[in-house]
Amino acid sequence: MKVFWSSSLRSIPFLEADLGAVSRGKGNQLDVAMPAIADRHFDRRRPLYRFDSTEYKTCQGIIPHPDWLHYLQQHDPIIRRWAAWEWLTYMQKRNPNTPAIASKLFMPSKRDSLKQQTAYWAVVLAHQQLHCIYSGQPIPPQGFSLDHYLPWSFVAHDQLWNLIPTLPEVNSAKSNKIPAPSHLAHFHRLQHHHPRHPTPRPVEQTGRTLPPPPRPRHPPRPAQPGTPAQRLRQNPAPPDHPGR
């Protein structure tokens, strides 16, 4: 800690005149000299803090300068946000394979609703019988629970590809654990339904199923080669047709 305290004052411009005479090479000459230098200029040049002793060996703490202490207290929200941003940048750079670092460091106070995702799976369950990938039990079309296959604490989102229906008691028991690798194949089959099962229609925000698209009354005629005049000569109108 003594080295940290001393090194934090090394680059202060208003102490450079005194620091210039101190060797910054090998050894700890600068660390040893810093307590006395900070104490000597504490009232006039107002460094951020001084030590509780002018002797390096007996230093146990720091004493902030009153002017700096007032400044830090006055601008505490700005300083905290700056420190949080620097911390976030540091953690993201050193954890490149970890998603949503910001959501892990600063957890949201309120999670988003899963109303739309629940409505989607309710339509799926109304068309086909599904079974819980963890317990093997059938899932009812009502009263089921949505599980984040990869825990929300890891992915920090509610995207549909990571949500699967399960039984409420199973979901509570799973909690925020990562599933065993043996469940991955079952998860894949549940998200990509077998072709023989009817595919559910998209769901509106109201949760109602969209009506099927209208079918044409007559099947479309196959395209014929040639220009319209050539096709008319090849297929003349019947005698009783008024023609054009």
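The numbers here are math on the coordinates, done by the rules we state, and not lab data. No experiment lies behind these values; they were computed from the predicted model shown.
Summary of computed values
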quantity	calculated
Alpha-carbon spread of region 72-139, three principal axes, descending order, Å	61, 27, 17
Principal axis dimensions, region 115-191 - Cα atoms, whole angstrom, descending	31, 25, 22
Principal axis dimensions, largest first and in whole angstrom, of region 105-157 by Cα	40, 22, 14
Over region 20-164, relative contact order from alpha-carbon pairs under 8 Å, at least 6 apart, %	13 percent
